[in-house]
Amino acid sequence: MSIGCPDLHQPMPTTAPDLFSNDYLSVTTSPRARNAFLKRVTHMPLVFGSGGSRLLTGNKDTHTDFEARITDFFGGPGCIASTAALFNSGYDANLAFWSTIPQKGDAVVFDEFVHASTRDGMAASPLKSLGALYAFKHNSVLSFRERVQQVLQAHPNIANGQGMLFVAVETLYSMEGDYAPLLQLLDAVDELIPKGCAHVMVDEAHTSSLFGPDGRGLLSALGLQGRVHTVLHTFSKGWGMSGAAILTSPLVRRYLVLYSRPLLYTTSLPHAHICGLNTVFDYLAGPDGNALRDRLRKMCNYFEQILETALRHVPPDLLSLLHREIPADYPSKVFSPIFPLISRSPKLLEEFLRPLGYAVTAIPYPTVPRGKEQIRVVLHAGNTEEELDEFVARLLQWVTMMEADEERRQEAPEDNAHPPERAKL
Ligand SMILES: Cc1ncc(COP(=O)(O)O)c(C=O)c1O
């Protein structure tokens, strides 16, 4: 990764409000969640490490009880993905699924922007050397349909029931802040792929806890649980912890438990960690969670409004909000808490904001294509309107400085031979 070549010796600044982490519901700073955790953990007989992998001594009742809880929560009536397998991270879970489940004779059609963990899993799968991995253009239903048709022609065994066509998509893409057109993609699956020959895997990393009843996720909000075969819920974003669960069929879970290396060859989560997970599920899967979800939506609407006004007269290449597609067939309550701010100078913007205490990271070329260089702002339930006003004012201050700098250089063209390394602050 080439984001600023960090050596990680310095912590991120924390003195300004959090406008960048994945802690969407501000769980990590909630005194209520903290106190509930401390109360609960006191009564636990074991708090430290589990002592081994799930297959050895690390399969304690702490783990099996939590997995049963997650199975009940995410895998209720109407879900095809009805059984949970617990992983130490979302990265491990994707790696496990994609390296283990698709087999020779199968093929994968995936959105070109799926997360690195899905890519790494596919790279470790036998399908990689067999040339059976097919990307489609990000969020393009047309490209998806073309790919599926191409795959069915190239792999006639799939339509004959001798292989499976896997589909890999996410609900909300974290760099673009846009949503997959899930209903249209699933309609295309039903229309093009013979019944029983498709396996759709949806990564809910950025929507788990934010949508659906009690935070069950976007698929639940859209009523799509009966059309998706495997779902990834990470606990590292909105749930404010880390770890993940794959919800899937009992057969696929059995394969994962028997063969997936990220589950077999690592020590399972410590007891205190699972205590934390139970605490945040108690906190967010109820009225407190509903209030936080509502609050986050309000903050997002407010931020979008003030940003739009503030950036109206700013040259788009200097600073603009990337258009974030939310499919027209999604309920109006669905919003995106991710705001990619496109700028030709994201590093200069980072250098301006960091000393003010913002934990911002520029995402420059070549991490993203030219024209998509950005800083990525993420909103949280704990943000306030005043914090957002202040941040937008800072953005405009930077814009004014950049424009003044540009003007100066136009008036004194000899300076252009040595353009400033950074905006004068
Ligand atoms: C879409 C997606 N899937 C999986 C992961 C990995 O999750 P974790 O951070 O829990 O390992 C991430 C993390 O950024 C992600 O964005």
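Under 16 Å of direct C-alpha separation, and excluding same-chain neighbours fewer than eight residues apart, residue 128 reaches these lysines: 104.
Computed from point charges on the beta carbon alone (+1 for Lys and Arg, -1 for Asp and Glu), the dipole magnitude for the chain about its Cα centre is near 1380 Debye. Charge dipole of region 291-347 (Cα centre as origin; +1 on each Lys and Arg Cβ, -1 on each Asp and Glu Cβ, all else neutral): 240 debye, rounded to the nearest 20.
The trypsin sites (Lys or Arg not before Pro) of region 106-174 that DSSP puts in a loop, and whose beta carbon has at most 15 other beta carbons within 10 Å, are 137. Mind checking which lysines have their Cα closer than 20 Å to the Cα of residue 333? Skip sequence neighbours fewer than 8 apart in that chain. Partners within reach: 237, 298. The alpha carbons of region 293-408 give a radius of gyration and a Dmax of 14.5, 49 Å, in that order.
Once the dipole of region 225-333 is set up with Lys and Arg at +1 and Asp and Glu at -1 on Cβ about the Cα centre, which of 305, 233, 330 lies farthest towards its positive end? Checked the options; the winner is 233. Computed about its Cα centre, the charge dipole of region 49-269 is approximately 540 debye, with only Lys, Arg, Asp and Glu carrying charge at their Cβ. Summing Lys and Arg as +1 and Asp and Glu as -1 over all other residues whose Cβ lies under 12 Å from the Cβ of residue 188 gives a net charge of -1.
Pick out, from 363, 174, 99, the residue whose Cα sits farthest towards the positive end of the charge dipole of the chain, with +1 on the Cβ of Lys and Arg and -1 on the Cβ of Asp and Glu. Farthest along the dipole direction, towards plus: 99.
On a per residue basis, the convex hull of the C-alpha atoms belonging to the chain measures out at 161 Å³. Region 60-81 and region 113-150 have Cα centres lying 29 Å from one another. Ellipticity at 222 nm from helices only: DSSP H runs of n ≥ 4 in the chain, each -39500 (n - 2.57), divided by the residue count, give -12500 deg cm²/dmol.
Scaled against 2.2 N^0.38 Å for its residue count N, the alpha carbon radius of gyration of region 52-190 is 1.17. Would you list which lysines come within 18 Å of residue 137, measuring only between C-alpha atoms, while excluding same-chain residues fewer than 8 positions from it? In chain and number order, the partners are 372. Within the listed set 45, 126, 31, the Gaussian network model of the chain (springs between alpha-carbon atoms below 10 Å) gives the highest mean-square fluctuation for 45.
Beta bridges per DSSP, both residues in the chain: antiparallel share near 55 percent. Residues in the chain average 46 Å² of solvent-accessible surface per residue, probe 1.4 Å, ligands and nucleic acids excluded.
The values are calculated or read from the model by the stated rules, or taken from the named source; none is laboratory data. All figures in this text were calculated on a predicted structure; none of them were measured in a lab. For neighbour counting, all protein chains shown are included, and Cβ atoms are generated from backbone atoms with ideal geometry for every residue, glycine included. Surface accessibility is based on the protein's heavy atoms, side chains included, excluding ligands, DNA and RNA. Shrake-Rupley method; radii C 1.70, N 1.55, O 1.52, S 1.80 Å.
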